[in-house]
Amino acid sequence: MGAFFGSHALFFCPAKCCPTRGSGVWDRLYLPLMNDPSEEVASLLQRITIDPEICHGKPVIRGLRYTVESMLDYLAAGEGFEDLLAEFSDLEREDLQACIQFAALALKLRCGNVVAA
């Protein structure tokens with residue numbers, strides 16, 4: 001079973017290296033970011049899965065072996081949504097939106113305590 005980010009979803013890390021719901025770390029870091037997300041955001045985030053058996057545990061789109069990282073790299077290099085959807089016919093627009101939303105959540109989790117100099 002992979003990990004799913006979404007409204008009141010349980011974050012499950014099979015490798016047991018990530019916090020689980022109910023732990024102090026989960027309550028302090030994850031819940032504030034997920035409090036009452038819009039249904040659209042929750043739906044998007046459920047498209048991103050993490051499974052140690054797929055792409056070495058990197059976040060991927062719907063278990064399809066398209067990593068979030070690679071899709072963000074394409075977008076950062078100037079590829080548009082339409083270009084990517086034409087190139088990867090099994091992806092949907094919402095998959096690419098989910099990658100961006102996932103990256104935003106990851107930044108909030110990692111940079112929440114960063115103070116500008």
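Structure summary
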item: Residue list for region 59-91, restricted to those being within 16 Å of A103 (Cα to Cα), assigned to a loop (DSSP other than H, G, I, E, B) and either modelled with pLDDT under 90 or among the aromatic types (F, W, Y) (or both); result: Y66
item: Filter result (among the β-branched types (V, I, T), out of contact with any helix residue (DSSP H, G or I) (no Cβ under 6 Å at 6 or more places or on another chain) and under 20 Å from A42 (Cα atoms)) within region 52-105; result: V60, I100
item: Lone unmet requirement of (1) assigned to a helix (DSSP H, G or I); (2) at negative phi for H56; result: (2)
item: Residue in region 2-9 that is at pLDDT 90 or above and of a type in the set (F, W, Y) present; result: no
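The values are calculated or read from the model by the stated rules, or taken from the named source; none is laboratory data. Since the model is a prediction, treat every value here as computed from it, not as a measurement. So basically every Cβ, Gly included, is an ideal-geometry build from the backbone, and we count neighbours across all protein chains shown.
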